[in-house]
Structures are given as C-alpha cells and as structure tokens.
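Notes to accompany the following structure.
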Amino acid sequence: MPIKFYGYSASTPSEEQPTVLSEVTLSASPSELRSIAEFLVQSAAAMEERGTAWEHAHLRDSLPGFDDSPDFVLFNPQARNLT
C-alpha cells in the first residue's frame, strides 16, 4: 500500500475531511527533525505491538516542544475503528 499524505489548509482548518496532498514540505531544524524521527520510530513500534488497536498518534501530544507547531498526526490505515 503506498503512503498517503492528508492535510488541512491553515486558512480553512475547520474542513470536515482532510485533503489528499501530493507533496509535503517540512521546515524544521536538525534537532526538530531528530525529534520527529524519534516520534516516527516510537509510533511504528507501538503500531507493531498493538496492531489494529493502534489507531493514531499526535506529535504534539507525544514529545515536548511542538505545542505551537501545526498538528502532525500518524494514522494506521489498518486500525479497527476506521470511520
């Protein structure tokens, strides 16, 4: 299954459904990129451990220092509770 990117526009954040994105650009420092990499590795491990019971994770809820950043969410497409 190919990876997919979804998102909301900063000008219309109240959209009900995210839009499929063809490109994603991260503007981040090396330290921030390392933190994001840590988040990805930890989330992958949790997904492997919990399987379809692991649905999603938010970067800002998982690691300090991202409170003022746009929300970065990982989603398990095989999660049981798909809506």
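The values are calculated or read from the model by the stated rules, or taken from the named source; none is laboratory data. If you're wondering where the values come from, they're calculated on a predicted model, not measured in any experiment. Cβ placement follows ideal geometry from the backbone for every residue including glycine, while neighbour counts extend to all protein chains displayed. Note: accessible area is taken over every heavy atom of the protein model, side chains too, but ligands, DNA and RNA are not part of it. Shrake-Rupley method; radii C 1.70, N 1.55, O 1.52, S 1.80 Å.
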When the residues of the stretch 53-65 are narrowed to those that are touching a residue at least 24 places away in the same chain (Cβ under 8 Å) and more than 16 Å from Val41 (Cβ to Cβ), which ends up surrounded by the most Cβ atoms within 10 Å (Cβ to Cβ)? Glu55
Mind checking which residues of the stretch 16-41 are surrounded by 11 or more Cβ atoms within 10 Å (Cβ to Cβ) and assigned to a loop (DSSP other than H, G, I, E, B)? Pro18, Ala28
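Identify, please: which residue in the stretch 66-83 is open to solvent by less than 50 Å² (accessible area, probe 1.4 Å) and hydrophobic (A, V, I, L, M, F, W, C) and is, among those, nearest to the chain's Cα centre (by Cα)? Talk me through it step by step, then tell me what you get.
Our first condition is that a residue be open to solvent by less than 50 Å² (accessible area, probe 1.4 Å); within the stretch 66-83, this holds for 66, 69, 74, 76, 79.
Among the residues that remain, those that are also hydrophobic (A, V, I, L, M, F, W, C) are: 66, 74, 79.
Working: Phe66: 12, Leu74: 3, Ala79: 14 Å.
Result: Leu74.
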The lone condition Ala79 fails out of (1) modelled with pLDDT of 95 or more; (2) in contact with a helix residue (DSSP H, G or I) (Cβ under 9 Å, 6 or more places away or on another chain) is (1)
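Please specify each residue of the stretch 43-52 satisfying the condition of being open to solvent by less than 90 Å² (accessible area, probe 1.4 Å) and more than 10 Å from the chain's Cα centre (by Cα). Spell out the reasoning first.
Filtering the stretch 43-52 down to residues open to solvent by less than 90 Å² (accessible area, probe 1.4 Å) leaves 43-47, 51-52.
Matches in the stretch 43-52: Ala44, Ala45, Ala46, Met47, Gly51, Thr52.
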Check Ala44 against each of (1) of a type outside the set (Asp, Glu); (2) assigned to a helix (DSSP H, G or I); (3) touching a helix residue (DSSP H, G or I) at 6+ places or on another chain (Cβ under 6 Å) and name the one condition it does not meet. (3)
Yes or no: the stretch 3-14 includes at least one residue that is at pLDDT below 90, β-branched (Val, Ile, Thr) and touching a Ser or Thr at 6+ places or on another chain (Cβ under 8 Å). no
